[in-house]
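In what follows, a structure is listed as structure tokens, so that the remarks can point back to it.
The values are calculated or read from the model by the stated rules, or taken from the named source; none is laboratory data. Note that the structure is predicted; figures quoted are calculated from it, not measured. As a convention, Cβ positions derive from the backbone with ideal geometry for all residues, glycine included, and neighbour counts pool all protein chains shown. Note: areas computed on protein heavy atoms with side chains; ligands, DNA, RNA excluded. Shrake-Rupley method; radii C 1.70, N 1.55, O 1.52, S 1.80 Å.
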Amino acid sequence: MASRYDRAITVFSPDGHLFQVEYAQEAVKKGSTAVGIRGLTADARVVINRARVECQSHKLTVEDPVTVEYITRFIATLKQKYTQSNGRRPFGISALIVGFDDDGIPRLYQTDPSGTYHAWKANAIGRSAKTVREFLEKNYTEDAVSDDNEAIKLVIRALLEVVQSAGKNMELAVIRRNQPLKMFSTKEIELQVTEIEKEKEEAEKKKTKKTV
């Protein structure tokens, strides 16, 4: 039945589905668990390049940099247009967009293939994103991200819920205001993982002593 309604982007099925958009969302779910843009790599390049051009154009026109929400809305609008045009398919990517505005407050937004976007304090996309989100919902507090080191540990602990051989299979980057993006080396990640595992063991020992 679906094949009758998935040949054109603008055709809804009788129960209100846009199958081309749903296919794009499924492609996102199969991507790596990520903080950043993941999904179909070619699609990501197109979206990133369009966003870069928009940022440059905005700066030249109004002499101010874009806000994080502005560029998020631009990306979401671009994606939404591709769900309504014949001869085009939706972008098969979700995006987690993070940055700082002039007030110095870090902001995080998510867009999906349908063109919707939302603000978050912490989120994940890609394969096993549901597991990571559930962990963040239970463990995210303002105290848990009170400084960079604690925030980094929280991210790694969340990814350890779904990632094996963490140091080799995990990429980690930190963005700070007015500083270049900091990419962590495999060794740096492994050191953090070792520290987290040590803290976990100590917590288990304390718990056992209280029980006894």
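Overview of results
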read-out: Estimated distance in nm for a label pair at Gln84 and Lys207, the labels positioned 7 Å out from Cα along Cα-to-Cβ; value: 5.1 nm
read-out: Bins of 5 Å from zero: percent of alpha-carbon pairs in region 121-212; value: 2, 12, 20, 22, 23, 12, 5, 2, 1, 0, 0
read-out: Relative packing of 141-153, 108-120, which averages over residues the other C-beta atoms within 10 Å, highest first; value: 108-120, 141-153
read-out: ³J(HN,Hα), Karplus 6.51/-1.76/1.60, whole Hz, each residue of region 58-63, x for Gly, Pro; value: 4, 5, 5, 7, 10, 6
read-out: Karplus-derived 3J(HN,Hα), 6.51/-1.76/1.60, for each residue of region 138-150, Hz, glycine and proline x; value: 7, 10, 6, 9, 4, 5, 5, 10, 5, 9, 4, 5, 5
read-out: Phi to ³J(HN,Hα) by Karplus 6.51 cos²θ - 1.76 cosθ + 1.60 over region 97-106, Hz, x for Gly, Pro; value: 10, 10, x, 10, 9, 4, 7, x, 8, x
read-out: Amide proton proximity set for Gly99, modelled H, under 5 Å, gap of 5+; value: Arg107
read-out: Carbon and sulfur %, accessible surface of region 153-212 computed with the full protein complex present, 1.4 Å; value: 49 percent
